[in-house]
1. Please specify each residue of the range 6-41 satisfying the condition of being open to solvent by 20 Å² or more (accessible area, probe 1.4 Å) and closer than 22 Å to Gly105 by Cβ.
2. If the Cβ limit is 8 Å and pairs must be 6+ apart or interchain, which residue in the range 79-107 that is closer than 18 Å to Leu16 by Cα and of a type in the set (Asp, Glu) pairs with which residue that is outside any helix (DSSP H, G or I) and at pLDDT below 95?
3. Going through the range 119-161 one residue at a time, which ones are within 29 Å of Leu95 (Cβ to Cβ) and of a type in the set (Gly, Ala, Ser)?
4. Output the number of residues of the range 78-115 satisfying the condition of being outside any helix (DSSP H, G or I) and at negative phi.
5. Can you pull out every residue in the range 72-90 that is under 14 Å from the mean Cα position of the chain (by Cα), of a type outside the set (A, V, I, L, M) and either open to solvent by 40 Å² or more (accessible area, probe 1.4 Å) or farther than 22 Å from Ala148 by Cβ (or both)?
6. Given the conditions (1) open to solvent by 30 Å² or more (accessible area, probe 1.4 Å); (2) within 21 Å of Asp38 (Cβ to Cβ); (3) among the β-branched types (Val, Ile, Thr), report the number of the one that Thr172 does not fulfil.
7. Among the residues of the range 44-63, is there at least one that is open to solvent by 60 Å² or more (accessible area, probe 1.4 Å), touching a strand residue (DSSP E or B) at 6+ places or on another chain (Cβ under 6 Å) and modelled with pLDDT of 95 or more?
8. For the range 116-169, what are the residues that are assigned to a strand (DSSP E or B) and open to solvent by less than 70 Å² (accessible area, probe 1.4 Å)?
Amino acid sequence: MSFSIRVAVDDDASFLPAIERSAGQAFRSVPELAWVADDGVMSVDAHRACIATRTCWVAVDEQGRIAGFLSAQPCGQDLHILEMSVDHDRQGRGLGRRLLSAAYGGARALGLSGLTLTTFRALPWNAPFYEKSGFSLLSSDRLDARLAAALREEAQAGFPAGSRCAMRRDVTAAD
């Protein structure tokens, strides 16, 4: 099956929470994080805000069904990835890499200098995946106030201490 990546449109927003819930099923394989599979997801309104700024991309199949998405928001000179999810049954097909590529191009088109995100340090489909996609771990002394606050909020929300990290990919360097 073939997939394409496009900028999301307003009508896509209502489908994205279900994709995030499906993607979250991968956490069931990690006993101490299984609760994440049942945790809250980004609201339709939050996705619509990203769509309004043209910083939400979707992966669609030949029938136009959404298989994954990446929702982000500009924050200073960075495009911050709020959520990237691929339907559980369609993971492992390169859709995440393609969505990241779209966000990279979107950040460059907006004249931004980087992509940022927070994620789990040790899960193969989190920090190690992003490192392979050109992101670098940010040490605590390299965190700006926004990313430091995001990590504090995640810890307060119940994520195990030290399990989360912030990452950044430069988008201004020559490819």
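1. Scanning the range 6-41 gives Arg6, Val7, Val9, Asp10.
2. Partner pairs satisfying both residue conditions: Glu83/Val41; Glu83/Met42.
3. Ala122, Ala127, Ser133, Gly134, Ser136, Ala150, Ala157, Gly158
4. Residues meeting the conditions: 17.
5. Gln73, Pro74, Glu83, Ser85, Asp87
6. Of (1) open to solvent by 30 Å² or more (accessible area, probe 1.4 Å); (2) within 21 Å of Asp38 (Cβ to Cβ); (3) among the β-branched types (Val, Ile, Thr), only one is false for Thr172: (2).
7. yes
8. Hits for the range 116-169 are Thr116, Leu117, Thr118, Thr119, Phe120, Ser136, Arg164, Cys165, Ala166, Met167, Arg168, Arg169.
The values are calculated or read from the model by the stated rules, or taken from the named source; none is laboratory data. None of the values given here were measured: they were computed from a predicted structure. Cβ atoms come from the backbone with ideal geometry, glycine included; neighbour counts cover every protein chain shown. Areas reflect the complete protein model, heavy atoms only, side chains present, ligands, DNA and RNA absent. Shrake-Rupley method; radii C 1.70, N 1.55, O 1.52, S 1.80 Å.
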